[in-house]
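Below is one structure, written out as structure tokens, with a few remarks after it.
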Amino acid sequence: MNLSNKKNIPLIIQRLLSARKYNKALSLIEASIADSGGLFSDAEETFEMRRATWLLRIDILRNIGRHAEALAWTCLECELNPENITAVALKKQLLAGLNLQNRTSFSSSINLTRDFQKDWNGVAGMRQLKSILETEIVLPLLERELYLAYKIPIPSGVIFHGPPGCGKSFIAKNLAERLKLKCFKVNPSEFASIYVHGGQENIKIFFEK
């Protein structure tokens, strides 16, 4: 497989997923890992790439019903990086969903069958971003007790950045729906005031709401 232009790999993977060619997408992920220094490389760029592709691989495997294989990759990550609380939380969910562990140790219900179209209310593409949000934001909030037991802070917010029209507000709205939270959209100009410190007061009132 030709991986000469690595910048196009995420786009190719997204196209394969859209066409439901999951096996080819998984093969490309494996090839990109092998072509970037290997699974055990210490380079920072390789580490970030491996982490992102690991999250994407797990989501694909769960989405197509290959839960045991997803569990195997998660167990490997737990073995290589015991401090990775995301891997630990996913491992516990997969074990419970496969009836290999007592579900009572969880705070949330287990649903092994993933449907990103349903979960994200029609957000097309951006599979890697959604995978990161699922593990960095959604999972800690759904498995709050587990993260607190490991003394891992629960995320209190997330910042999206990018040019106008790239989908920041749409993703934020759907993330709120995914977590069953309310979503308020405001512009900085709405906090303006003719009074000294009036803007700060308006911000305070908004956050209280």
Name the trypsin sites (Lys or Arg not before Pro) in the range 139-187 that are in a loop by DSSP and that have at most 14 other C-beta atoms within 10 Å, would you?
-> LYS151, LYS180, LYS182, LYS185
Taking only protein heavy atoms and a 1.4 Å probe, the highest-to-lowest accessible-area order of HIS197, HIS161, HIS67 is HIS161, HIS197, HIS67
Estimated vicinal HN-Hα couplings, Hz - the range 140-145 in sequence order (Karplus 6.51, -1.76, 1.60; Gly, Pro = x) | x, 6, 7, 10, 4, 4
The ³J(HN,Hα) series, computed from each phi in the range 178-191 with the Karplus coefficients 6.51, -1.76 and 1.60 at θ = phi - 60°, rounded to the nearest Hz and given as x for glycine or proline, is 4, 9, 6, 10, 7, 10, 10, 10, 9, 10, x, 4, 6, 8
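The values are calculated or read from the model by the stated rules, or taken from the named source; none is laboratory data. From a predicted model like this one, the values you see are computed outputs, not experimental measurements. Using ideal geometry, Cβ is built from the backbone for each residue, glycine included, and neighbour counts are taken over all protein chains shown. All accessible areas refer to the heavy atoms of the entire protein, side chains included, with ligands and DNA or RNA removed. Shrake-Rupley method; radii C 1.70, N 1.55, O 1.52, S 1.80 Å.
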